[in-house]
Each structure stands twice: as structure tokens, then as C-alpha cells.
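Student: Once you've had a glance at the structure underneath, I'll fire off some questions.
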Amino acid sequence: MNNLLQRQDIAVYFCLVFGWMLLLGAFVKLFSKNFYTLHVFVRKFSILDLEFPDSSLELTTYIRGIFLLPKELSTRSLRSLKTYLYLDFLFIPLAYGSLFLLCLLISNNFTFLGHYIFLILAWLQLIPLICDAGKNFYLLKKIRSDAQVSQEVTHKAYLALERIKWLVALVAAVFSLSALFYFWVTGKYSVSSFRFIIIVLIEIAVFFILRKLFAKGSKIDLDKYQNIGN
């Protein structure tokens, strides 16, 4: 009985943290849609372009290119990028906290080996949390008009942290989804868990609706800026 109550408590916390994560994830779309830079030509870029640049020079080019844009577009892009990174400090604990709670919840449904595997996966989320926060500090420090090309060893360390972050988080997510599918196929779930599934599905539906709404807005005609880089 106590174990059941503990699982339900974790499920409640997961729904709350997961919901806030999706809400914030949808909200930052307001800012990520305004990422522009002068990189060969005026173009949009995503946060993934900054997380996985081909080289340190390319990362620096993306950042310097923001300051080479016309003042209005440059200010808009710079403000959006910095706001996004600051908000990401709130998103990070929610994202990895969700994975932590999900792995913890699943571990309580296993005995011995499965229990310890998911318990380890849960606590391993501290690694991507630290890596992601480090990425934000690094980028915020680097965003300046005279951004310098980092040394090769620094750039490799930056990319290594990004790969570790995604690897640990994705392994936890894949293992968790596989375990949930296993519980569903084998019938090892309680009737009370259905309400939590419904809540999560509603949260995901609201996320996509809000993300679509936040993605709307006045579009910038980039054609008038295409002679800048020439």
C-alpha cells in the first residue's frame, strides 16, 4: 500500500514538472523564431546550430553575424537569443527533472536488476543538467561583437559535453518508453495509472497547440537583406 502511494506521489510530481516543462518549451518558441544571423547570407538559425557547429570558427561566425545585421534585426535576434538562453536555465531542471521522476517511477515497478538500472538512470540526469547549464554559460559569455575563435581543445570539450548530454538523456528516454511499452503489453499496470496517462496526453496536446500559436506572428522579409553579405 505504501509503495502504491509512493508511486502515485511520484506520478503526480511527474505530471506537474512535465507540464511546466512543456509550457515553457512552447513559450520559448516566441524567441527561437527570431534567431537571425549573417552567415554567407542573412538566414535563420536554430539553437542546434550553436550546439553542434562544424568548427569553432563556424560557431563564432554565427555569433558575429548577429552583430553584422541591420540594427533592428540585430537587436531583435540578440535579445531573443539571450532571453532564450536565460529561460533555458528554468527549462533545464524541468526537462531533466521529468526524466528523473519518470525513471524513478519506473524503477519502483521493477525488482532488483530493473529497479537499480532505472534508479541509476534517474540520478544520471544530473550529468546532462550540468552539461546543459554549462553550455548556456559558455554561449552567453561568447555572445559579443568581437567573439573570438576558441582553441580546438576548448571546442572539442564543448562538443563532447553536448554529446554526453544528449546521449544520457536519450538513453533514459528510450529505456523509459521501452519499459512503459513492456508494462502495457504484459498488463503490469494499475487502473489508477490511466488518469496520469490522460493528463500527460492532454499536456502534450496543449503543448502542440500553444507552440503553433506562439510560432505565428509577423514574418520578416529576408529578401530585402540579401545584399548585405555581398
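Student: For an R0 of 35 angstrom, estimate the FRET efficiency from the Cβ-Cβ distance between residue 89 and residue 167 and round to the nearest 0.05.
Tutor: With a Förster radius of 35 Å, E is 0.95.
Student: Still on this structure: What Rg and what Dmax come out for the range 84-136 when only alpha-carbon atoms are used, in angstroms?
Tutor: Cα-based Rg and Dmax for the range 84-136 come out at 12.8, 42 Å.
Student: Shifting gears a bit: Just subtract the alpha-carbon distance of residue 174 and residue 52 from 0.36 nm times their residue separation and send over the number in nm, one decimal.
Tutor: Taking residue 174 through residue 52 to full extension adds about 41.7 nm, to one decimal.
Student: Another question, if that's okay. Taking 0.36 nm per intervening residue step and subtracting the Cα-Cα distance, what contour gain separates residue 191 from residue 44 on full extension?
Tutor: Length difference between fully extended and current span is 48.2 nm.
Student: Where a ≥ b ≥ c are the square roots of the eigenvalues of the C-alpha gyration tensor, would you call the range 113-214 rounded, which needs a/c under 1.5, or, failing that, prolate if a/b is larger than b/c, or oblate?
Tutor: The shape class here is oblate.
Student: Compute the long axis of helix 56-67 from its Cα atoms, compare it with the longest principal axis of the Cα atoms of the chain, and write down the angle in degrees, 0 to 90, nearest 10.
Tutor: Rounded to the nearest ten degrees, it is 70.
Student: Taking the 0 to 90 degree range and rounding to the nearest ten, how far is the long axis of helix 2-27 tilted relative to the main principal axis of the chain, both from C-alpha atoms?
Tutor: 20
Student: Another question, then. If you line up the long axis of helix 193-215 against the longest principal axis of the chain, both from Cα atoms, how many degrees apart are they, to the nearest 10?
Tutor: With both axes taken from Cα atoms, the answer is about 10 degrees.
Student: Further question: So for the range 90-230, averaging the separation of alpha carbon pairs under 8 Å that are six or more residues apart and normalising by length, what relative contact order in percent results?
Tutor: 23
Student: If R₀ is 22 angstrom, what is the calculated FRET efficiency for the pair residue 72 and residue 214, using the beta carbon separation as r and rounding to 0.05? Let's see the in-between values first.
Tutor: Details: r = 21 Å, r/R0 = 0.97.
Calculated value: 0.55.
Student: Could I ask something else about it? Would you tally the net charge around residue 52, using a Cβ to Cβ cut-off of less than 12 Å, leaving residue 52 out, and scoring K and R as +1, D and E as -1?
Tutor: Details: positive: 135, 163, 165; negative: 49, 51, 54, 58, 162.
After counting each charged neighbour, the total is -2.
Student: Could you please report the charge total around residue 105, scoring K, R as +1 and D, E as -1 over all other residues with beta-carbon less than 15 angstrom from its beta-carbon?
Tutor: +2
Student: Can you compute 3J(HN,Hα) from phi for each residue in the range 172-188, using the Karplus curve 6.51 cos²θ - 1.76 cosθ + 1.60 with θ = phi - 60°, rounded to whole Hz and x for Gly and Pro?
Tutor: Once rounded to whole Hz, the list reads 4, 5, 5, 4, 5, 5, 5, 5, 5, 5, 4, 4, 5, 5, 8, x, 8.
Student: Please compare each pair in 156/212; 188/212; 82/216; 141/165; 156/216 to a cut-off of 31 Å on the Cα-Cα distance and tell me which ones are over it.
Tutor: 156/212; 188/212; 156/216
Any read-out appearing in this document is the output of simple, stated calculations on the displayed coordinates, not a laboratory observation. The structure presented is a predicted model; accordingly, all values stated were derived computationally and were not measured. No Cβ is skipped: glycine too gets one built from the backbone with ideal geometry, and neighbour counts run over all protein chains shown.
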